[in-house]
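J.: Please find one structure pasted underneath; my questions will follow.
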Amino acid sequence: MSAENFIHPTAVVETSLPEEAGISVWQHVVIQNGARIGRACKIGANSYIEKDVSIGSRVTVKNNVAVYAGVTIEDDVFLGPSCVFTNVINPRSFISRKNEFRQTHIKCGATIGANATILCGHTVGRYAMVGAGSVVTRDVPDHALVMGNPASVKGYVCECGCTLGKSGALFYCRNCNRTYGFYQGGLRTAERK
């Protein structure tokens, strides 16, 4: 099913968007040439998306979000208000380090909380949740709930976003009844017995 794109008159969109993809771009957004935006994305006011950024489908980018070159965001990701990404580990305004950009990868279904900072060169796993105001300085496992500065694992969350309980070796969701276990180093859905 297709829907018209909406581009607010104050937005500057230099890249081409897929036609009739249901993309909403709000006030004072800047999307540089070369950025890739998927279908049904919502880009909130005052956000900035640099060239060489890839954003999947059904991504919500709330207001005042800065996404710099080298960031890949998969489908169904939520970027909370005023979260920010970096792409150089040791920036200086008088030294060009564009050849040192580190790649950052936000996997499918992940949530980045308001005012969180994601330092470059890390991966935020599938359906992980980064708490508001946290500073991510290392990779975040799938389904992990991380908080603090530096962010550390405080628990695990379901695909639906609710905190998981634990029963023996399994984790379970009280909201949607999904069950998870650790398999091959990561949290994966499991059969509940």
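The values are calculated or read from the model by the stated rules, or taken from the named source; none is laboratory data. If you're wondering where the values come from, they're calculated on a predicted model, not measured in any experiment. Positions of Cβ are generated from backbone atoms using ideal geometry, with glycine treated the same way; all protein chains shown enter the neighbour counts. Accessible surface is based on the protein model in full, side chains and every heavy atom, while ligands, DNA and RNA are left aside. Shrake-Rupley method; radii C 1.70, N 1.55, O 1.52, S 1.80 Å.
J.: If you take the residues in segment 136-157 that are part of a strand (DSSP E or B) and touching a Gly at 6+ places or on another chain (Cβ under 8 Å), which one is most open to solvent (accessible area, probe 1.4 Å)?
T.: If we take residues in segment 136-157 being part of a strand (DSSP E or B) and touching a Gly at 6+ places or on another chain (Cβ under 8 Å), then Lys154 is most open to solvent (accessible area, probe 1.4 Å).
J.: Within segment 83-117, track down each residue that is within 13 Å of the chain's Cα centre (by Cα), small (Gly, Ala, Ser) and more than 21 Å from Asp142 (Cβ to Cβ).
T.: Once the filter is applied, which keeps residues that are within 13 Å of the chain's Cα centre (by Cα), small (Gly, Ala, Ser) and more than 21 Å from Asp142 (Cβ to Cβ), segment 83-117 yields only Ala114.
J.: Also, quick follow-up: For segment 106-125, give me the residue count where each residue is touching an Asp or Glu at 6+ places or on another chain (Cβ under 8 Å), open to solvent by 30 Å² or more (accessible area, probe 1.4 Å) and closer than 16 Å to Tyr68 by Cα.
T.: 2
J.: Mind checking which residues of segment 37-71 are under 19 Å from Leu119 (Cβ atoms), open to solvent by less than 10 Å² (accessible area, probe 1.4 Å) and either out of contact with any Lys or Arg (no Cβ under 8 Å at 6 or more places or on another chain) or of a type in the set (Gly, Ala, Ser) (or both)?
T.: Ile49, Val65, Val67, Ala69, Gly70, Val71
J.: I need the full set of residues from segment 51-83 which are out of contact with any Phe, Trp or Tyr (no Cβ under 9 Å at 6 or more places or on another chain), free of Cβ contacts under 8 Å to residues at least 24 places away in the same chain and in a strand (DSSP E or B), in order please.
T.: Ser54, Ile55
J.: For segment 1-13, enumerate the residues that are closer than 21 Å to Glu74 by Cα, open to solvent by 60 Å² or more (accessible area, probe 1.4 Å) and either touching a residue at least 24 places away in the same chain (Cβ under 8 Å) or not hydroxyl-bearing (Ser, Thr, Tyr) (or both).
T.: Met1
J.: Of all residues in segment 125-153, how many are in contact with a Ser or Thr (Cβ under 8 Å, 6 or more places away or on another chain) and either touching a residue at least 60 places away in the same chain (Cβ under 8 Å) or on the phi < 0 side of the Ramachandran plot (or both)?
T.: Residues that pass the stated criteria total 14.
J.: Surrounded by 18 or more Cβ atoms within 10 Å (Cβ to Cβ), part of a loop (DSSP other than H, G, I, E, B) and at pLDDT 95 or above: does that describe Gly133?
T.: Spelling it out, it is not the case that Gly133 is surrounded by 18 or more Cβ atoms within 10 Å (Cβ to Cβ), part of a loop (DSSP other than H, G, I, E, B) and at pLDDT 95 or above.
J.: For segment 17-36, give me the residue count where each residue is in a loop (DSSP other than H, G, I, E, B) and more than 20 Å from Ala114 (Cα to Cα).
T.: Matching residues across segment 17-36 total 10.
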